[in-house]
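Read the figures in this text as sums done on the coordinates, not as results from a lab. Nothing here was measured: the structure is a model prediction, and the numbers come from that model. Cβ coordinates were reconstructed from backbone atoms using ideal geometry, including for glycine residues, and neighbour counts include every protein chain displayed.
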Amino acid sequence: MQELVNIINGYIWSSALIYLCLGAGLFFTVLTRFVQVRQFSEMWRLLMSGKSSAQGISSFQALAVSLSGRVGAGNIAGVAAAIGFGGPGAVFWMWVVAFFGAATAYVESTNAQIYKEEHDGKYHGGPAYYIEKAMGQKWYAWTFAIATIIATGILLPTVQSNTIGTAVEQVFSNSGSIETAIGVISYAKLYTATAIVLLFGFIIFGGIKRIANFTQIIVPFMALAYILISLIIIGLNITQLPNVVMMIVGDAFTPMAGFGAAIGWGVKRGVYSNEAGQGTGPHAAAAAEVDHPAQQGLVQAFSVYIDTLFVCSATAFMIIITGTYNVHGVGDAFIVQNIASDVVANGPQFTQMAVESVFVGVGKPFVALALFFFAFTTLLAYYFIAENNIYYIKRTLNIPGAVFMLKVVIMTATFYGTIKAANIAWGLGDIGVGLMAWLNIIGIIIIFFMSKPAITALKDYEAQQKAGVKQYTFNPKKLGIKDATFWEERWEKRATEQGKTEQS
């Protein structure tokens, strides 16, 4: 199984996908004239000013839901793996893919807002919707929807739950084990898997509002606590910080693990962590209540900064500054070995050891707790994304009990992932991320060459900004954007109400 997973990943995560991710980010950065820099202050304003409605969630809630997908195991275990297999230079490429990826996040999330729909009194949208409407290729949209249901409903949950299980097992290393039909399982992992599934089931059976309410409280709190701990560790080793930064930048171009390894692992774990271009963020973006599609695009671009430049960097600095990492070479050889050779790179151990080196007796449980909340909220985001694509398919083919079946499958995958080995869980997750990234990035590039909806929306938004309007509006027909039915109906309704007011 592990060998098969590795072979599939070798094809999916070839250098072609790595350069496609970087190239798309650079492409959209130039086309939007560095929107991620120019509109930074507007991103912050929008984040604080959004309101929810009966049909949709607020901009902040949408950010929290998307961040719950972005801020997860990738920020703790993923960064450790990038350093462990690509050297410290891999962190630099995570920064690069985040900076350029913010422009990609703007484009995909704005597209999701433009082409969203309202079903059963709720907003739904995402790549499947904008691929069908903007590209006019329903078969491609269905391919993405099915791939996303498999990825977020089966493959990706195993990574998040496995990381929680591994972290808890590190804390309770003497918990004992039990022999089962699928191998020896520690009691720590077994109890953790049971607790995760029970809590997970309680929340996902409550719908998007319950998910949004849970994540908007937990995600900011845990992210701030995690960054605070990292700042204390960095502060206590502040004299080493310049050398660490120089090591990261220097190794990015002449790294100890080889240039290909650094850029490959940096981009792979960068995309896994911040999800820019992967096609997951647009689902939460479509659910937001906004006055103009570009507003949610800007908010989602900001979420990439939070994920990689803040949380991932915090993890990287902690690991490197405390020296609690190894760098794997060819076979069983190590290019750098600072800690025991049996410490797994594909897990949270590097990070736990980094915190433990300063906060003795507290490090392992703290990272386990942080991982629980980060990874658990990511599980919620994955369910939300998979459910969105189920609703997309139900527009054409109504499968009775499809949503209930999804809940059972994702809970089963979560339990299985918690108790299995880390390498196979991460391998399955990489397959899911890679499939979605290939389909989505190619899709948004084709859509750009066909109609440029996200760029047109940005120009319209910036024109209204310049005019100093108090209430932003979006008229897709005037801008030449077709099939944006939700916004067309909203514009016509507003025009009718305004006409009645003037008559009275």
field: Relative exposure of Thr351, Thr414, Thr104, judged by other C-beta atoms within 10 Å (fewest first)
entry: Thr414, Thr351, Thr104
message: Nearest 500 deg cm²/dmol is fine: what mean residue ellipticity at 222 nm does the chain get from its DSSP H runs of n ≥ 4 alone, each adding -39,500 (n - 2.57), divided by its residue count?
response: -22500 deg cm²/dmol
statement: Label model pair Met450, Phe221: point-to-point distance (7 angstrom along the Cα→beta-carbon line) in nm is 4.4
Interchain or long-range residues, amide H under 5 Å from Ala288's placed H: Ile57
Charged-residue dipole, Cβ positions (Lys, Arg, Asp, Glu), the stretch 2-467 about Cα centre, Debye nearest 20: 780
query: What is the order of Trp491, Trp44, fewest Cβ neighbours within 10 Å to most?
result: Trp44, Trp491
query: When a footprinting reagent is the concern and you count Cβ atoms within 10 Å, what order do Ile390, Ile446, Ile164 take, fewest first?
result: Ile446, Ile390, Ile164
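Per residue and in cubic angstrom, what volume does the convex hull of the Cα atoms of the chain have?
145
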task: May I ask you to compute the full-extension gain from Val184 to Leu31, defined as 0.36 nm times their residue separation minus their alpha-carbon distance, rounded to one decimal in nm?
output: 49.7 nm
query: Relative contact order of the chain: what whole-number percent is it, with Cα pairs under 8 angstrom and at least 6 residues apart?
result: 34
query: Taking Cα centroids, how far is the stretch 1-42 from the stretch 364-381 in Å?
result: 25
- request: List the pair-distance distribution P(r) of the stretch 356-504, using every Cα-Cα distance, as the percent of pairs falling in each 10 Å bin from 0 up to the bin containing the longest distance, rounded to whole percents.
  value: 8, 20, 25, 22, 17, 7, 1, 0
query: Where in the stretch 351-433 are there trypsin sites (Lys or Arg not before Pro) that are in a DSSP coil and have at most 16 other Cβ atoms within 10 angstrom of their Cβ?
result: Arg395
task: Could you go through the stretch 471-487 in sequence order and give the Karplus-derived ³J(HN,Hα) for each residue, using 6.51 cos²θ - 1.76 cosθ + 1.60 with θ = phi - 60°, rounded to whole Hz, and x for Gly and Pro?
output: 10, 6, 9, 9, 10, x, 5, 4, 8, x, 9, 9, 6, 8, 4, 4, 6
message: Explain nothing, just compute: Karplus ³J(HN,Hα) = 6.51 cos²θ - 1.76 cosθ + 1.60, θ = phi - 60°, for every residue of the stretch 26-33 in order, whole Hz, x for Gly and Pro.
response: 5, 4, 6, 5, 5, 5, 8, 6
message: Give me, ordered by chain and number, the residues 5 or more places off Ser177 or on other chains with an amide H under 5 Å from its own placed amide H.
response: Tyr187
- prompt: Can you run phi through the Karplus equation (6.51, -1.76, 1.60; θ = phi - 60°) for the stretch 404-412 and list ³J(HN,Hα) in whole Hz, with x for Gly and Pro?
  reply: 5, 4, 4, 4, 5, 5, 5, 5, 5
- prompt: Label points 7 Å out from Cα along the Cβ direction at Leu228 and Lys477: separation in nm?
  reply: 5.3
message: Starting from the 7 Å offset along Cα-to-Cβ, what nm value, one decimal, do you get for the label separation of Phe404 and Gln240?
response: 5.6
